[in-house]
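Student: Before we start, here is the structure in question, set down as structure tokens.
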Amino acid sequence: MEFKQIVELIRTVSDSKISQFEFQDGEIKLSMKKQKAQLQAALPLNSEETQRSSILSEEPDRERQGNIVKSPLVGTFYQAPSPEGEPFVQVGDCVKKGQVLGIVEAMKLMNEIESEYDGTVLEILAENKHMVEYGQPLFVIG
């Protein structure tokens, strides 16, 4: 199974109402399970995190000015190439089409998120080392 097929499979399962999926092809075994409600209940939030979480959940409702770069897959978002490295971009940076903005790790594979636009980084919508969903807005480029 090729990488693109795996990514497409992840997208399909993520977009569906399926809560669990298993696949085996020779030595490759793939298992996916959605547990959003359980995960949220298992992570206690302090008051600051609760406020930030409610603010972030309200943000998609407002209209953003600029071009949105979305996550092409489900995974963990990273702003830098390594834990001690500098972020790829910061708010206010000028970027070119094809420039790396961040990384989404899925199944131990690091997927570079490239800018689809020339412009300035107006907002970084994802938090470093946090899960992102397929199609979730990550950056606003103006």
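The values are calculated or read from the model by the stated rules, or taken from the named source; none is laboratory data. Since we're looking at a predicted model, the values are computed, not measured. Please note: Cβ atoms are built from the backbone with ideal geometry, for glycine as well, and neighbour counts cover all protein chains shown. These accessible areas exclude ligands, DNA and RNA; they are computed on the full protein's heavy atoms, side chains included. Shrake-Rupley method; radii C 1.70, N 1.55, O 1.52, S 1.80 Å.
Student: Kindly indicate the residue of the stretch 112-140 that is open to solvent by less than 20 Å² (accessible area, probe 1.4 Å) and touching a Leu at 6+ places or on another chain (Cβ under 7 Å) and also farthest from E2 (Cα to Cα) among those meeting that condition.
Tutor: Restricting to residues being open to solvent by less than 20 Å² (accessible area, probe 1.4 Å) and touching a Leu at 6+ places or on another chain (Cβ under 7 Å), the top hit is V140.
Student: Can you tell me which residue is farthest from I10 (Cα to Cα) among those in the stretch 102-111 that are surrounded by fewer than 17 Cβ atoms within 10 Å (Cβ to Cβ) and either among the hydrophobic types (A, V, I, L, M, F, W, C) or in contact with a Leu (Cβ under 8 Å, 6 or more places away or on another chain) (or both)? It would help to see each step written out before you state the result.
Tutor: If we filter the stretch 102-111 for residues that are surrounded by fewer than 17 Cβ atoms within 10 Å (Cβ to Cβ), which is where we start, we get 105, 107-110.
After this cut, where a residue has to be either among the hydrophobic types (A, V, I, L, M, F, W, C) or in contact with a Leu (Cβ under 8 Å, 6 or more places away or on another chain) (or both) as well, the list is 107, 109-110.
Working: M107: 10, L109: 13, M110: 15 Å.
Taking the candidates together, the pick is M110.
Student: May I ask you to list pairs of residues, at least six apart or on different chains, whose Cβ atoms are under 8 Å apart, with the first in the stretch 125-142 being more than 19 Å from G66 (Cβ to Cβ) and the second being small (G, A, S) and open to solvent by 10 Å² or more (accessible area, probe 1.4 Å)?
Tutor: Sorted first by the residue in the stretch 125-142, then by its partner, the pairs are N128/A80; E133/S14; Y134/S14.
Student: Next up: Mind checking whether some residue in the stretch 63-76 is more than 20 Å from I113 (Cβ to Cβ) and either part of a helix (DSSP H, G or I) or at pLDDT below 75 (or both)?
Tutor: Checking the stretch 63-76: at least one residue is more than 20 Å from I113 (Cβ to Cβ) and either part of a helix (DSSP H, G or I) or at pLDDT below 75 (or both).
Student: So which residues in the stretch 1-56 are of a type in the set (A, V, I, L, M) and modelled with pLDDT under 70?
Tutor: M1, A37, L39, A41, A42, L43, L45, I55, L56, listed by residue number.
Student: Give me the pairs: first residue in the stretch 79-102 and among the β-branched types (V, I, T), second residue open to solvent by less than 40 Å² (accessible area, probe 1.4 Å) and assigned to a loop (DSSP other than H, G, I, E, B), beta-carbon distance under 7 Å, and six or more apart or on different chains, which are they?
Tutor: That search, which allows pairs on different chains as well, returns V95/V89; V95/S115.
Student: Moving on to the next point. Within the stretch 77-89, work out how many residues are under 15 Å from I113 (Cβ atoms) and either over 17 Å from the mean Cα position of the chain (by Cα) or open to solvent by 80 Å² or more (accessible area, probe 1.4 Å) (or both).
Tutor: Initial filter on the stretch 77-89 (under 15 Å from I113 (Cβ atoms)): 77-81, 87-89.
Checking which are either over 17 Å from the mean Cα position of the chain (by Cα) or open to solvent by 80 Å² or more (accessible area, probe 1.4 Å) (or both) leaves us with 81.
So the answer is 1.
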